[in-house]
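Data first, discussion second: the structure below is written as C-alpha cells.
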Amino acid sequence: MRYALAFVTLFATPGAGFAQQTMDPVFAEHQKAWTTKPEFSSPLVDHLPASTAVPSPREVLGHDIGAPRVLDRYADILKYYRALAAKTQRVKIIETGATEEGRPTAIVLISADENIANLEINRQNLAKLSDPRGLTQDQAKDLIAGTKPLYLILGGLHSAETGPPEMLMELAYRLVTEDSPLIANIRQNVIVGINPTTDPDGRDRYTDWYYRNKIDDTDDLNPVPGAPYWGKYIFHDNNRDINYTGFSSRNLLAFYLQWHPPIMHDLHESVPFLYTFSGQAPQNPSLDPILFGEMPWISNFEMAQLTKYGMPGVWTHGFVDEWSPGYVGFMSTNHNGLFKMYETFGNGGATTALRHIKPVEGPGEDLHASDQTVREWFRPNPPYKSVEWSMRDNTNYMETGILSALQMTSQFPQQLLENFYRKSANSVAAGRSEAPYAFIIPSDQADMTKVALLINLLRLQGIEVGRSSAEITLKEGKFPAGSFVVKRDQPYGRLAKILLEKQKFPDNKLKTYDDSAWSMGMMAHVNVVATADITALDVAVHPVDQYKPEGSIGTASAAAYAVLDHGSINMATLRYRLRNVSVRIAEKSFKSGGQDIPAGSFVIEAKAYERLKAAVVPLGLTALALDKVPDVPMHEAALPRLAIYSTWGSTQNVGWIRYAFDQLETPYELIFKDEIKKGGLKSKYDVVIVPSQGRSAKSLVFDIPMRGKPLPYTKTAEFPTQGVYGSSPDIRGGMGLVGVEELRKFVTDGGTLITLGDSSAMPGEFGITPDVEVSRPTKAFYAPGPIVNAKVLKPANPIFYGYTDTTLTVRWATTALLALPFRNQNDVLMNFPGGDKMVQSGLMVGACEAKNRPAIVDLPVGSGQVLMFMTNPIHRWQNFGEFRMLYNALFSYKDLRKDLGGPPAVPDEPPADEDKSADACKAPP
Ligand SMILES: [Zn+2]
C-alpha cells in the first residue's frame, strides 16, 4: 500500500491560483498529527484556508475537526453554522422544525453568492423537473440549463456514528472559503445542502454518554456498550422508519418535497475504511434503470479518486442492497432522485484506538463473506487487518469521498439534472404503459379509520390520491362512490407501486439488509385493489389532501350506546378517553334496530353520552343508540395496570411499542431490571408486556454483561440528557434469574405476562411455561420480515374482536418456533399453516419449517397466564392490522381463557381445502 504515497505528492497541489491562498498552519499541524498513517490523508483535506472573513470551526468550537476525545453537542454544531452564515453570502440556513425534545432542525445550503441569491428560482426549477407533466422537451432542456443540482448530505442519523456531524462543519467551511479549482467548481455548479445532524436528540444523549462512560475506552475486543437511548423512541430503527414517525425525519421529508434535491447522501459508520453504496442486488425493479447506472458511476469514481490519492480500503458493492424503500435516505430514490450512502470506520466516539478488523473464525464459522480485509473484485485494495484509527482518519476519508462525489457532480451537473428529469418523466409514463395503472381503495370498508391511516401516509410522502364522487366500474369490479384512486401516471407513481404492491422477491438465494415485505394494504388490513384496467386513469377524481372519516353518534336519549367494532385501532384510544366510564364488551354479535352489532363492540352506559360523543366523533367511530341494554354476554373492557419491560441493551423494539402506546393514549409504566428484581410485581401491575428485544432469551434475561466498570444512566447537572425515559445507577446485568423468578411469581399470583416476538422464547426456555418446547429453524430457513398468513383457531376468543376473517396477514417476527404437548392444543389461538402459499409478500425460504407452529398461545400458569405472541403485534409503526390483537388482550385480559384449555379433539381427516403447498411439508426438512 505504501507505493501510493508517490501519488499523494503528485496530486498535492490541486491547481494554480490556489497556491496563493493562505492556509491555516495550525490546522495543517493538527490534521497531520491526528492522522495515524500518512496514507489515511489526501491532498483534498490536508490543508484548510485561513480566513479573516468567516469563522473556522476552531474559532467557534475551540478545536479543529477530528480532535481526539472531542465531540460537539448539537447546540454548538448549530452555533457554528449560524456563525458561518452570519459572515458570508454563500450560506443560507433553512429552518425545518423541531425534534421530539424541542431541538431545532435545519438545512444549511452552501453555494456561490449568485446561486444563493437565486435559491428560490432554483427551488422552483427543481420542483418543475420533479413533476414534468406539461413540460415540453425544449422547456425541460431550458430549465435544466438554468438550474443547479442540490446535493443534500445527511450526517448523524445514527448517534453512535459520531464522525459525520463533525466532518460536515469542516466541509462547510472549506466549501465557503477554498479557492482551489475543485472547490470553486463545486461552488459554481452545485448547491450543497447539509443536514447538520439528522437525530439531534440522539446526538446530545450519545455525546453525554461518551464523555461519561466511553471516552477512555480503547478496547475494541471488549468495548464499553453505547448509550441505551438516542432519540426518544426508536434508536437505530430511525433508518427503518418507513412511515416517518420521527420528527426530524418527517421535517427532512417536508424539506425534500419542497426543495427536491436530486441527490441525497447519507453518512454512516460501521465497516472499514470507506464503503460507498452502489445499489447492489436485490434491487427494487420498480425503480428506474437509470438509477442503477448513476449509483455505481459515482461510487466507482470515488473509489478511483481515493485509491489514486493512496487511501487504502475504499470499496463499493457487497454490503447494502436496494430492496426496501424504508431507509431515510431512500426518500431520494423513492422520489426519482439519486441516493448515495457511506459507511466509514468510526470508533463510537473520538478516542483513538487500535481496531481489530479481520474477524477470527470460531468453531463451525466461515467468515469469509463478512471479512472486509479480503480482496474482492469490488474491494480491490482492502482495508488492513488491524489498524490504529482516529476520528481524524475517519474525517479524512468521509470528506475526501464527499468532495470527490461533489467534484463529479460539479462536472456533470446537467447530466445529473437530465437524469432526475428523465426518471421523473419515466415514472409518469410508466403509469400509462404498464399495469397496475392504479390502486383503488374502496370506500365501503367496514373500518375506514385504517384506510385513513394509509391514505394519510401516502400523502405524507407526496403521493397524489384522488377520490371519486361517482361509482367506478373497472375490470376488477365496481367500487362505490367515495372510493380512493391512486393513479400511477404521477411523478411518485413508482413509489405508490412500491409501497402498495405485493413484494415478489427476485431471487431466493439473495439476502436483504432489512425487511423483504412492507405491502401497506396487507400490513394495515386494508383492502387495496391493483387494477390492470387502464381506464382507471380516466376516472374523474378530486384531490385528497388529508382524509379523516367522520364519526357519528345516535340520539341523546337511549338505554345505552354500542360503539361498533370493525377493527379500528381507535377503539383503543376511545377506551382510554373513557377511562372512568363503565365500558363493557359484547361477547357475541347482536341486532338493534335492524342493525348488526359485531362481537367486540363496546356497550356504554347512557349517562356517558356527552363524553362518548366528544370521543367517538373525532376518532371516526360509530356509536349507535340502543333502545335497551343488550342481553348478550358481556364483560368489562378492563384497564389493567400495565408495565412494559425493557432491557437496557436493546431498547429499540420497546421504543416502537412506546411510540404506538403514546399515539393511542395508552398509559403504562416502563420498567427495567431494577424494578423487576425488587419483586412484588402483582401488587403493582395486572399485565406485564415483554416486547421483542435482545438476540435471544438469554440476552433478554442477562442483557449487558457485568464486565468492566458500572455504567450509570442517571441525570446529572453535567449530563442532563441521561436518565431520560428510564434511569439506573448501573445498566449492566439484566433481570437475571432473580428477575425470571419474580416474573414467574407474578404469573402464579394471577398476573398476565404478555411476550412478543422473539421474547416469547423466554417463558419456555427459562421454565415459566415448562411445557413449551422452543426450537430454532434450520440454517436453511431465511425469513427477513415477510408477510404471511396466519390461521385463527379460536375466532370467538376476545383476541380476535374486530377481525372477521379466520386467515389474517401478519408480519413474520420470530427466530424461535414453539411446540406444545397435545394436551395444550386448545390453548393455541392462532397458528401458521406453513408452506410457500402461506407467504403473501416478501421472502421466506423454508416455509415448511413453520407448518402448524403456534402464532399465539395463552397458557395458564398458577392463577395467572402467559400470553405468547410469536408475531410482533406492533412492528414499528407499520402493521396496523395487527395492533388490535394486543389491545384486545389488554382490555379482555381477564376473559381470554373462557374458550381455552380442556381436552383437545382427536384430529379429523385433513380438510379437503388444505393448502397443497403445505402438503409438501410432510417430510420434515
Ligand atoms: Zn448507521
What is the distance in Å between the Cα centres of region 548-597 and region 796-866? 29
Across 10 Å bins from the origin, how do the percents of Cα pairs in region 113-164 run, short distances first? 22, 37, 21, 17, 5
Here is the link list: Lys509/Lys791; Lys588/Lys794; Lys509/Lys837; Lys851/Lys922. Which ones come out longer than 20 Å on Cα distance? Lys509/Lys791
Among DSSP beta bridges whose residues both lie in the chain, state the antiparallel percentage, nearest 5. 65
Compute from the Cα atoms of region 602-656 the Rg and the Dmax, the latter being the longest Cα-Cα distance, and quote both in angstrom. 17.8, 54
Principal axis dimensions, largest first and in whole angstrom, of region 749-852 by Cα: 42, 35, 23
Portion, in percent, of the accessible area of region 590-683 that falls on carbon or sulfur, probe 1.4 Å: 48
Averaged over every viewing direction, what's the projected area of the C-alpha convex hull for region 481-562? Give it in nm², one decimal, please. 9.8
Alpha-carbon gyration tensor eigenvalues x 5, square-rooted, for the chain, Å: 49, 33, 26
Just the number, please: carbon plus sulfur as a percent of the accessible area of region 187-325, 1.4 Å probe, no ligands or DNA/RNA counted. 55
Going by a ≥ b ≥ c, the root eigenvalues of the Cα gyration tensor, does region 415-536 fall in the rounded group (a/c under 1.5), the prolate group (a/b larger than b/c) or the oblate group? oblate
Across all Cα atoms of region 750-792, Rg and the largest Cα-Cα distance (Dmax), in Å, are 13.2, 40
Shape metrics for region 387-486, restricted to C-alpha atoms - Rg then Dmax, Å: 22.9, 69
Using the heavy atoms of the protein chains and a 1.4 angstrom probe, tell me the accessible area per residue for region 756-848 in square angstrom. 35
Loop-only trypsin sites (Lys or Arg not before Pro) in region 551-595, please: DSSP not H, G, I, E or B, and at most 15 other Cβ atoms within 10 Å. Arg579, Lys588
Can you list the trypsin sites (Lys or Arg not before Pro) in region 12-102 that are in a DSSP coil and have 15 or fewer other beta carbons within 10 angstrom? Arg69, Lys87
Region 382-433: C-alpha pair distances exceeding 16 Å, %: 64
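The values are calculated or read from the model by the stated rules, or taken from the named source; none is laboratory data. None of these values were measured; they are calculated from a predicted model. Every residue, glycine as well, gets a Cβ built from its backbone with ideal geometry; the counts of neighbours run over all protein chains shown. When the accessible area is computed, the model is the full protein with side chains, heavy atoms only, and any ligands, DNA or RNA have been set aside. Shrake-Rupley method; radii C 1.70, N 1.55, O 1.52, S 1.80 Å.
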